[in-house]
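Undergrad: The structure's right below; bear with me while I get my questions together.
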Amino acid sequence: RVMATSVRMAQASALAILSLGLGLTHAHIHAQADAEMQMHILNAPLAARTATSLHLARKHMRSAVAPASSARLCSPMCAQNLAEIPPENYAEESRKFRRTVYGHEDWVKHRSSTRLFRNLATTLDSGVVRALGTEVATVTLIALAVTLGNMVVGGYDDLSYVHQPALLANSPFKQISMPALPFTLTMPALALLLVFRTNTAYFRWNEARTLWGGVVNKCRNLVRQGGTYFPDTPEGREMSRKLTNQTAAFCNCLRTFLRGPEHAGVLEAELPDLLGAEAAAACLAANNRPVFMLNMLSKTIRDAKIDPIDRARMDDTLSVLLDLVGANERVFKSPIPLVYTRHTARFLTAWLLLLPFALWTVTGDSWNHWLTI
């Protein structure tokens, strides 16, 4: 059960980076339950204290990366929220609900032989279709205008396939179209640009997933080390509890930085329960909150007065976490070079907007070239 929970949390955590700078419905921290858990830590022997600290840390880290109801896009709440998003804002606003986490039942459904028919049946409900609705509608309207314009200036066939004269017989344009050869020649170049763009996007997603998975694993390891290395005394148990809460606060600070300022309210509500009012205010006032929390963790480890070798091991874990913070900042702040993305976008936009003019020529076998649409 612990392994299954770890896998699900790691997958949800990775997708949190995929929607950098965006908010998400959060899970509130249950203070009373946490207080009972912490009292159990204080009174438990070393082995039980370590396991309980890990459980408490996982609970707080889950609240940092998962919504309150479900992380799956197909949940009823997410489906309702997606349906309420206006089409013009769908591409951006829907990101906060796209945190699909797979379990065993989901993989069975994903491998089902009926998935092809299920995917076809839900084509119009697809997030890709809704996100690209404006672009598809624009190209469709251009195709409709080209078809109707040619019917007006060049004549048309009625329902009996009898050709009728043009409504604007004296128009200088007898045909509104373009040859298909330029599109045939530029298609390989456009395909290469799109393939490179897709591969680059996947590489960034995979790197972000790997980095956040490293954050989760190192935080678990830090809590485990605290539960093992800190002395088995009331003061040591209190230090272990403090380390657990600070580790969860570090995850929450990094999450808020990546998701954007609109998620700051969630952090402001969570930090006082984890750190106390004074430490929470100091963290919120810091310029770099994740680094501030790492410094606070370093102080906690130093104050525990553990064996120097054990302290060096925990400091190595903190150093790796600092490296992961910098790597996450790099992914967030360094997009694909704008010159390249803009060039690809302009090329693709011009290609698609002019495509109906070329399609009109090659759809002559259809009634009034309506296959262009």
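Undergrad: Do you know which of the residues in the range 221-249 that are acidic (Asp, Glu) and part of a helix (DSSP H, G or I) is surrounded by the most Cβ atoms within 10 Å (Cβ to Cβ)?
TA: GLU238
Undergrad: Going residue by residue through the range 102-111, is there one that turns out to be modelled with pLDDT under 85 and open to solvent by 50 Å² or more (accessible area, probe 1.4 Å)?
TA: The answer is yes, given that some residue of the range 102-111 is modelled with pLDDT under 85 and open to solvent by 50 Å² or more (accessible area, probe 1.4 Å).
Undergrad: Would you confirm, using the coordinates I've provided, whether LEU318 is under 12 Å from PHE250 (Cβ atoms), open to solvent by 60 Å² or more (accessible area, probe 1.4 Å), part of a helix (DSSP H, G or I) and in contact with a helix residue (DSSP H, G or I) (Cβ under 9 Å, 6 or more places away or on another chain)? Even if it seems obvious, please write down each step before you answer.
TA: Numbers: under 12 Å from PHE250 (Cβ atoms): yes; open to solvent by 60 Å² or more (accessible area, probe 1.4 Å): no; part of a helix (DSSP H, G or I): yes; in contact with a helix residue (DSSP H, G or I) (Cβ under 9 Å, 6 or more places away or on another chain): yes.
It is false that LEU318 is under 12 Å from PHE250 (Cβ atoms), open to solvent by 60 Å² or more (accessible area, probe 1.4 Å), part of a helix (DSSP H, G or I) and in contact with a helix residue (DSSP H, G or I) (Cβ under 9 Å, 6 or more places away or on another chain).
Undergrad: List every residue pair whose Cβ atoms lie under 7 Å apart, where the two residues are 6 or more positions apart in sequence or sit on different chains, the first residue falls within the range 155-177 and is at positive phi and modelled with pLDDT of 80 or more, and the second residue, located anywhere, is part of a loop (DSSP other than H, G, I, E, B) and loosely packed, with under 10 Cβ neighbours inside 10 Å.
TA: Hits for this filter: GLY155/PRO165.
Undergrad: Which condition number does LEU254 fail, the rest of (1) closer than 21 Å to ASN217 by Cα; (2) under 29 Å from the mean Cα position of the chain (by Cα); (3) open to solvent by 10 Å² or more (accessible area, probe 1.4 Å) being met?
TA: Only one criterion in (1) closer than 21 Å to ASN217 by Cα; (2) under 29 Å from the mean Cα position of the chain (by Cα); (3) open to solvent by 10 Å² or more (accessible area, probe 1.4 Å) is unmet by LEU254, namely (3).
Undergrad: Ok, one more. Return the pair list, or none, for Cβ contacts closer than 9 Å from residues in the range 183-203 that are over 22 Å from LEU354 (Cβ atoms) to residues that are open to solvent by 80 Å² or more (accessible area, probe 1.4 Å) and of a type outside the set (D, E, K, R), at least 6 apart or on different chains.
TA: Nothing qualifies.
Undergrad: Just wondering, is there one or more residues in the range 357-370 that are in contact with a helix residue (DSSP H, G or I) (Cβ under 8 Å, 6 or more places away or on another chain), open to solvent by 30 Å² or more (accessible area, probe 1.4 Å) and among the aliphatic types (A, V, I, L, M)?
TA: Yes, there is a match, as at least one residue in the range 357-370 is in contact with a helix residue (DSSP H, G or I) (Cβ under 8 Å, 6 or more places away or on another chain), open to solvent by 30 Å² or more (accessible area, probe 1.4 Å) and among the aliphatic types (A, V, I, L, M).
Undergrad: Give LYS218, LYS174 a once-over and let me know the one that is within 30 Å of ILE309 (Cβ to Cβ) and either among the polar types (S, T, N, Q) or surrounded by fewer than 22 Cβ atoms within 10 Å (Cβ to Cβ) (or both).
TA: Result: LYS218 is the single residue among LYS218, LYS174 that is within 30 Å of ILE309 (Cβ to Cβ) and either among the polar types (S, T, N, Q) or surrounded by fewer than 22 Cβ atoms within 10 Å (Cβ to Cβ) (or both).
Undergrad: What pairs can you find where one residue is in the range 227-247 and closer than 19 Å to MET293 by Cα, the other is aromatic (Phe, Trp, Tyr) and open to solvent by less than 50 Å² (accessible area, probe 1.4 Å), and their Cβ atoms are less than 8 Å apart, with a gap of 6+ or different chains?
TA: MET239/PHE230; SER240/PHE230; LEU243/PHE230
Undergrad: If you go through the range 301-314 one residue at a time, how many are more than 17 Å from LYS242 (Cβ to Cβ) and either of a type in the set (D, E, K, R) or in contact with a Cys (Cβ under 9 Å, 6 or more places away or on another chain) (or both)? Give the derivation first.
TA: Taking the range 301-314 first, the residues more than 17 Å from LYS242 (Cβ to Cβ) are 307-309, 312-313.
Then keep just the ones that are either of a type in the set (D, E, K, R) or in contact with a Cys (Cβ under 9 Å, 6 or more places away or on another chain) (or both); that gives 307, 313.
So the answer is 2.
Undergrad: Could you grab me the full set of residues in the range 263-278 that are within 16 Å of THR244 (Cβ to Cβ) and out of contact with any helix residue (DSSP H, G or I) (no Cβ under 7 Å at 6 or more places or on another chain)?
TA: GLY276
Undergrad: Okay, next question. PHE332 passes all but one of (1) touching a residue at least 60 places away in the same chain (Cβ under 8 Å); (2) over 26 Å from THR210 (Cβ atoms); (3) surrounded by 12 or more Cβ atoms within 10 Å (Cβ to Cβ); which number fails?
TA: Of everything listed in (1) touching a residue at least 60 places away in the same chain (Cβ under 8 Å); (2) over 26 Å from THR210 (Cβ atoms); (3) surrounded by 12 or more Cβ atoms within 10 Å (Cβ to Cβ), PHE332 misses just condition (2).
Undergrad: Kindly evaluate ALA166 against the criterion of being open to solvent by less than 40 Å² (accessible area, probe 1.4 Å), farther than 22 Å from THR344 by Cβ and touching a Gly at 6+ places or on another chain (Cβ under 6 Å).
TA: Spelling it out, ALA166 is indeed open to solvent by less than 40 Å² (accessible area, probe 1.4 Å), farther than 22 Å from THR344 by Cβ and touching a Gly at 6+ places or on another chain (Cβ under 6 Å).
Undergrad: Would you please list the contacts, defined by Cβ atoms under 6 Å and residues six or more apart or on different chains, that run from a residue in the range 270-293 that is open to solvent by 30 Å² or more (accessible area, probe 1.4 Å) to a residue that is of a type in the set (A, V, I, L, M, F, W, C) and in a helix (DSSP H, G or I)?
TA: Once the first residue is open to solvent by 30 Å² or more (accessible area, probe 1.4 Å) and sits in the range 270-293, its partners that are of a type in the set (A, V, I, L, M, F, W, C) and in a helix (DSSP H, G or I) give PRO272/ALA280; ASP273/ALA31; LEU275/ALA249; ARG289/CYS253; ARG289/CYS283; PHE292/CYS283.
Undergrad: Checking the structure you have, find out if any residue of the range 130-143 is in contact with a helix residue (DSSP H, G or I) (Cβ under 7 Å, 6 or more places away or on another chain) and under 15 Å from ASN368 (Cβ atoms).
TA: yes
Undergrad: Suppose the filter is in contact with a Leu (Cβ under 8 Å, 6 or more places away or on another chain), part of a helix (DSSP H, G or I) and at negative phi; does ARG197 pass it?
TA: So ARG197 fails the test.
Here is a yes/no grid of residues against (1) closer than 16 Å to THR361 by Cβ; (2) among the hydrophobic types (A, V, I, L, M, F, W, C); (3) in contact with a strand residue (DSSP E or B) (Cβ under 7 Å, 6 or more places away or on another chain):
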| residue | (1), (2), (3) |
| --- | --- |
| ASP125 | no, no, no |
| THR134 | no, no, no |
| ALA137 | no, yes, no |
| ILE142 | yes, yes, no |
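Results for (1) closer than 30 Å to ARG342 by Cα; (2) modelled with pLDDT under 95; (3) of a type in the set (A, V, I, L, M, F, W, C), shown as yes or no for each residue.
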{"residue": "ALA201", "(1), (2), (3)": "yes, yes, yes"}
{"residue": "GLY227", "(1), (2), (3)": "no, yes, no"}
{"residue": "PHE230", "(1), (2), (3)": "no, yes, yes"}
{"residue": "THR233", "(1), (2), (3)": "no, yes, no"}
{"residue": "GLY236", "(1), (2), (3)": "no, yes, no"}
{"residue": "SER240", "(1), (2), (3)": "no, yes, no"}
{"residue": "THR256", "(1), (2), (3)": "yes, yes, no"}
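The values are calculated or read from the model by the stated rules, or taken from the named source; none is laboratory data. The structure presented is a predicted model; accordingly, all values stated were derived computationally and were not measured. Glycine also receives a Cβ, built like all others from the backbone with ideal geometry; neighbour counts cover every protein chain displayed. Just so you know, the surface numbers come from the protein's heavy atoms only, side chains and all, with ligands and any DNA or RNA stripped out. Shrake-Rupley method; radii C 1.70, N 1.55, O 1.52, S 1.80 Å.
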